[in-house]
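Laboratory data are not the source of any read-out in this text; all were calculated from the coordinates shown. Just so you know, these numbers come straight off a predicted model, no measurement behind them. Glycine gets a Cβ as well: all are built from the backbone with ideal geometry, and neighbour counts include every protein chain shown.
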Amino acid sequence: MQILIYILKRIFQTIPLLIIVSLISFFIIRLSPVDPLAELRLNPSVSKETLQKETERLGLDKPIIVQYGKWAKSFVKGDLGVTSNGEQVSTKLKERIPNTLLLTVVVIFLSWSVGVPLGVLAAIYWKTPFDRVLTVLTSIGMAIPSFFFAVLLLIFAVKTGWFPVGGLTSSNFLEMSFSQKFLDITHHLVLPVTVLFTLSLAGLQRQMRGNLLDVLDSDYVKFARAKGLSEFKVIFKHALRNAVNPLITLLGFEFAGLLSGAALTEYVFQYPGLGRLILEAVLKSDINLVMASLMMGAVMLILGNLIADILLIITDPRIREGSQA
Amino acid sequence: MKRVIYVILVLLIILGLGKACIRADVDETQKPVLRPKSEIQEENYPLEKNVTINGIDYLQSQAPVGKFGGTFVSSTIGEGPKTFNPFNSKDNISSQMSEIMYDGLVTTDPVTGDTIPKLAKSFTVNGKEYIVKLRHGIKWSDGRPITADDVVFTWQNIILDGFGNTSIRDSIVIDGKLPTVEKIDNYTVKFVTPEPFAPFLRMLSSPIAPKHVFEPAVKKGKAYFEGFLSTNTPPKDFVISGAFKLKEYVPAQRVVFERNPNYYVINKDDKKLPYLDKIVYLIVGDINNQVLKFEGGELDEISLQGANVARFKEMEKHGDFTVYNIGPDTGTMYIAMNMNNRKNEKGKYYVDPKKQVWFQDKNFRQAVDYAIDRKNMVFNIANGLAEPLFTSETLNSIFLNENLKGYDRDIEKSKKLLKKSGFRWDKAGHLIDKFGNHVEFDLYTNAGNTEREAIGVMVKQDLEDLGMKINFKPIEFNSLVNKLMATLDWDMVIMGFTGSPLEPNGGKNVWLSDGTLHIFNQRLEKDLNSPRYDFEKRLDYLYTQGALATKFEDRKKYYDEYQKIVYDEKPLIYIYSPIRIVALRNKFQNIYPTSLGGVTHNIEEIYIK
């Protein structure tokens with residue numbers, strides 16, 4: 001019951017937040033001197049009538065506040081509007097969301113299932129050669145800029161011919177059998193996943209190692225050891241549960257990044273995800289599309305934090321009691 | 001001691017990086033050796049001919065007979081098509097994609113630029129009357145016959161009634177009147193324009209729509225039509241007349257077309273073309289990725305620019321592709337001076353009156369023209385991949401006035417011209433006009449366009465040799481458009497247009513004195529009746545007459561004179577036209593590159609050996 005009220009309270013808090021976010025974004029986009037019709041204006045074969053029609057269609061002849069009101073009204077009704085080319089924003093987003101989710105979910109799954117155990121191991125074998133080698137490797141992983149790494153891998157793909165140069169599916173994808181399709185997508189995913197995995201693995205491993213080391217140094221762990229518990233029980237029953245809290249907060253942020261975290265890598269690998277769509281929309285000042293993606297990002301971030309907070313309440317009795325007091 | 005070693009190491013790395021940069025620079029400055037354009041055009045393209053077999057009027061390819069099968073992979077940069085409805089397309093990629101699927105009544109001879117029949121069997125022009133004969137027995141991709149009803153429906157109910165993109169309709173309104181279209185019999189259609197209007201013939205290349213598919217959509221109104229045959233339409237719903245039909249569209253990845261088994265072009269063995277099974281257009285985000293994809297073997301064709309040309313020329317020697325020089329592009333780069341002599345609403349001059357004296361002086365404009373070193377710009381900015389340009393029609397235009405010769409930079413001639421208008425130089429070499437004002441003005445271009453920025457720097461240097469003081473200001477594209485189109489408070493600008501090699505009337509928005517892009521003397525709504533310069537009046541006359549005349553020879557006379565006027569008066573000073581370079585895999589046969597049609601104008605005849 002307590003938790004339910006807490007969730008409701010949090011959801012109500014998000015409403016003013018979303019309004020502020022949308023207001024700021026809308027005004028920044030509209031006040032920037034990007035004219036969505038500039039390209040058309042300088043085209044000798046475009047007539048005055050066409051320009052006039054386009055201006056009216058995009059609502060550019062109205063004051064900004066009216067434009068915002070129109071947008072907000074339809075947004076509340078669940079209508080995301082149309083892009084500057086007249087396509088439904090919702091269908092455009094729907095085309096891309098599965099692709100981005102595929103990439104980010106694979107990366108998060110891989111990096112958590114590898115990063116957390118590696119962090120634990122490194123903490124247990126603290127200051128052994130194993131730990132030192134991992135430290136060097138993760139430092140390299142964290143130091144490589146993802147953009148640069150992606151470009152390097154792309155050149156690697158061109159020179160060796162072992163991997164496709166970007167994209168998600170081959171051009172004869174339609175004629176493949178199911179298992180061939182699966183292999184084809186996997187083949188295309190290897191490079192982008194490698195880039196994102198390297199980056200997030202390194203961070204996660206360091207975080208886990210640091211947390212566990214802190215906890216292992218605490219009094220209750222010393223006490224548990226003194227009591228004569230087995231090392232396995234000490235670490236997995238007592239230490240790990242306490243070390244995992246910061247990671248849960250991190251998981252909330254990972255959730256927020258599900259739809260927006262990979263834009264740069266997506267762009268380099270020509271991955272047909274949301275990042276590329278939104279970058280192109282921003283460059284063209286395609287307001288409905290940009291607003292939809294910004295709002296989506298804001299909602300995902302709020303949701304991610306909410307989920308993390310709830311998980312913390314479940315895992316950590318201290319927080320549970322704190323919220324009751 | 002340790003610290004010293006680290007410092008040396010870091011220095012070595014920096015030196016190494018520096019060295020890498022130097023080597024790259026040397027490679028890029030080597031100018032590629034290209035096949036001259038003339039060599040390409042010797043390989044004469046055999047035009048397709050009409051033949052009638054069993055009562056069916058086919059178009060027969062005269063190129064060597066090839067093998068069936070295979071895929072051709074090309075690419076487009078950007079977001080991909082926005083619609084597959086040929087009447088709704090507003091951007092190049094959408095039009096390109098729909099033109100693959102829908103043929104027009106006529107097309108352009110890829111070698112001479114003449115208008116030749118395509119979906120039509122023949123046509124005759126008689127003043128205002130255009131009679132078009134259709135082919136007997138040819139079919140849409142769903143097996144229904146293509147008849148006069150389809151043509152009349154397309155023109156009357158879609159184009160003339162203003163459905164979709166109305167740019168064709170807007171351009172054929174003459175004195176507020178539209179052409180009429182009428183069915184004579186099942187295979188004959190008559191068009192009548194209100195006045196003789198030469199550009200109309202090329203408008204007949206607009207796609208023809210299948211009536212049985214488009215009619216229900218048209219009946220539902222214009223709003224519905226906007227979304228008809230969009231990118232979300234299932235490919236099987238398309239009924240087409242062109243060589244290839246949509247098979248698959250994957251957003252942000254590719255568009256796949258498959259051959260149309262009912263296409264009306266046959267080869268010399270009377271087998272139905274096209275040879276290729278599929279055409280694939282990969283949708284790539286930028287040029288770099290496109291180049292990587294070509295090098296990785298994923299693309300069969302690519303347009304090249306700048307430094308890549310030299311690199312590809314080098315790779316060509318042991319690669320499986322050929323680099324073609326297609327000749328000058330339709331793009332132009334020019335300098336314009338603001339010749340506006342009017343006041344804005346607040347009673348202030350758009351252009352400072354002392355500057356007006358310079359820009360409205362023909363001698364001054366010519367002096368600027370002679371001071372500009374086009375050859376240097378072609379060599380240093382366009383990597384040698386451009387042709388100096390002196391005329392307002394592009395170099396591949398069939399209306400190009402070839403009597404207008406190019407010339408080299410001549411700074412002495414510039415000085416003589418300036419002296420004639422009373423300009424002089426002070427002791428420090430600064431240019432002073434006859435009223436004693438120092439010649440100093442702003443030069444704009446859009447920031448971010450590295451090519452135009454580089455031209456700006458060179459123009460500034462060239463003009464400073466004449467003692468002018470130039471403040472070069474690259475500004476953001478939208479702000480620049482606002483200056484050029486609305487506030488009109490600019491002095492000199494470097495911009496570019498894309499012309500049409502076939503129809504000068506496409507430039508009427510630039511050259512008519514009340515045009516929407518009459519950039520050197522833009523008239524806003526309130527100024528439309530302001531006095532014209534003499535040469536503007538003459539251009540108005542020539543442009544109107546050029547469109548009304550119907551014979552090529554008569555039109556050529558008008559357009560020759562218009563080019564001569566622009567050449568003499570220099571309202572726009574043209575700099576250069578880029579050359580198009582295309583790389584194509586050697587496995588493709590029946591390749592006849594032409595400057596008007598590019599490499600794949602005869603896509604149905606191309607086969608893989």
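Before moving on, here are some points about what is shown:
- Counting all C-alpha pairs of the range B:195-266, share separated by more than 21 Å (%): 44
- Counting only Cα atoms, the protein assembly as shown measures 108, 86, 61 Å along its principal axes, largest extent leading.
- Residues whose amide H lies under 5 Å from that of B:Arg254, counting only those 5 or more places away or on a different chain, are B:Ile283; hydrogens are built 1.01 Å from N in the peptide plane.
- In order along the range B:297-305, the Karplus-derived 3J(HN,Hα) couplings, from 6.51 cos²θ - 1.76 cosθ + 1.60 at θ = phi - 60°, round to x, 7, 10, 9, 9, 7, 8, 10, 9 Hz, and Gly and Pro are given as x.
- Semi-axes of the equivalent ellipsoid for the range B:235-306, computed as √(5λ) from the eigenvalues of its C-alpha gyration tensor and ordered from largest down, come to 28, 17, 9 Å.
- DSSP beta bridges confined to the protein assembly as shown are antiparallel in about 80 percent of cases.
- Neighbour-count order for A:His187, B:His518, B:His318, fewest beta carbons within 10 angstrom listed first: B:His318, A:His187, B:His518
- The trypsin sites (Lys or Arg not before Pro) of the range B:359-448 that meet both conditions, a loop assignment by DSSP and at most 11 other Cβ atoms within 10 Å of the site Cβ, are B:Lys405, B:Lys427, B:Lys434.
- Alpha-carbon centroid distance for the pair the range B:325-345 / the range B:373-403, whole angstrom: 14
- Given charges at beta-carbon only (K, R positive; D, E negative), |dipole| of the protein assembly as shown in Debye: 1820
- Pairs of alpha carbons in the range B:174-227 whose separation is greater than 12 Å (percent): 76
- Calculated over the range B:379-455: convex hull of Cα atoms, volume per residue (Å³): 173
- Scanning chain B for GluC sites (Glu not before Pro) that sit in a DSSP loop and have at most 14 other Cβ atoms within 10 Å, the longest stretch containing none of them is B:44-344.
- For the range B:603-609, 3J(HN,Hα) per residue [Karplus equation, 6.51 cos²θ - 1.76 cosθ + 1.60, θ = phi - 60°, Hz, x = Gly/Pro]: 4, 5, 8, 6, 9, 9, 6
- Listed residues B:Val173, B:Thr107, A:Val46: farthest to the positive end of the dipole of the protein assembly as shown (Cβ charges): A:Val46
- Under Stokes-Einstein, with the Kirkwood radius over Cα pairs as Rh, the value for the range A:32-124 at 10 °C and 1.306 mPa s is 90 µm²/s.
- Order of B:Leu385, B:Leu517 under a 10 Å beta carbon neighbour criterion, fewest first: B:Leu517, B:Leu385
- Mean projection area, nm², convex hull over Cα of the range A:139-195: 4.3
- Comparing A:Val66, B:Val510, B:Asn471 along the charge dipole axis of the protein assembly as shown, the residue lying farthest to the positive side is A:Val66, per the Cβ-charge model.
- With contacts taken as Cα pairs under 8 Å at a separation of at least 6 residues, chain B carries a relative contact order of 19 percent.
- In chain B the Cα-Cα distances spread across 10 Å bins starting at 0 as 3, 14, 23, 24, 19, 11, 5, 1, 0, 0 percent of all pairs.
- In order through the range B:539-552: 3J(HN,Hα) via Karplus (6.51 cos²θ - 1.76 cosθ + 1.60), integer Hz, x for Gly, Pro: 4, 4, 4, 4, 5, 5, 5, x, 7, 7, 5, 10, 7, 4
- The local environment of B:Gly176, defined by Cβ-Cβ distances under 14 Å, has a net charge of -2 under the rule Lys, Arg +1 and Asp, Glu -1.
- B:Gln545 paired with A:Lys237, simple spin-label distance in nm, labels 7 Å along Cα-to-beta-carbon: 10.5
- Taking 0.36 nm per residue of separation and subtracting the Cα-Cα distance, full extension of the segment from B:Asp554 to B:Lys268 would add 99.2 nm.
- Simple point charges give the picture: +1 on the Cβ of Lys and Arg, -1 on the Cβ of Asp and Glu, and for chain A a dipole about the Cα centre of about 680 debye.
- Ratio of the Cα radius of gyration of the range B:442-594 to 2.2 N^0.38 Å, where N counts its residues: 1.27
- Along chain A, the exposed loop sites are trypsin sites (Lys or Arg not before Pro) outside DSSP states H, G, I, E and B with at most 15 other Cβ atoms within 10 Å, and the longest stretch free of them is A:128-226.
- Calculation over all alpha carbon pairs of the range A:242-289 in 10 angstrom steps from 0 returns a P(r) of 25, 36, 24, 13, 3 percent.
- When only Cα pairs below 8 angstrom with a gap of at least 6 residues are kept, the range B:345-483 shows a relative contact order of 23 percent.
- Exposure proxy shown here: for B:Phe238, B:Phe257, A:Phe130, the number of other Cβ atoms within 10 Å sets the order, fewest to most, as A:Phe130, B:Phe238, B:Phe257.
- Global geometry of the range B:93-181, whether rounded, prolate or oblate, following the gyration tensor of its Cα atoms and the 1.5 cut on a/c: rounded
- All Cα pairs of chain A, percent lying beyond 32 Å: 47
- B:Arg580 long-range amide H proximity, modeled H, under 5 Å: B:Ile326, B:Gly327, B:Asp329
- Using C-alpha pairs under 8 Å with a sequence gap of at least 6, the mean separation divided by the residue count of chain A gives a relative contact order of 26 percent.
- Sparsely packed trypsin sites (Lys or Arg not before Pro) within the range B:201-296, loop by DSSP, other Cβ within 10 Å at most 16: B:Lys220, B:Lys268, B:Lys271
- Per residue convex hull volume, Cα atoms of the range B:445-531, in Å³: 131
- Selected from B:Asn383, B:Leu299, B:Pro274, residue furthest toward positive end of dipole (the range B:272-392; charges at beta carbon): B:Asn383
- Candidates A:Leu58, A:Leu183, A:Leu137: whichever shows maximal mean-square fluctuation once chain A is modelled as a Gaussian network with Cα springs under 10 Å: A:Leu183
- Long-range HN-HN contacts of B:Ala209 with modeled amide H, under 5 Å: B:Thr154
- Along each principal axis, Cα extent of the range B:342-430, largest first, Å: 44, 40, 27
- Reducing the range B:457-513 and the range A:212-240 to their Cα centroids gives an inter-centroid distance of 75 Å.
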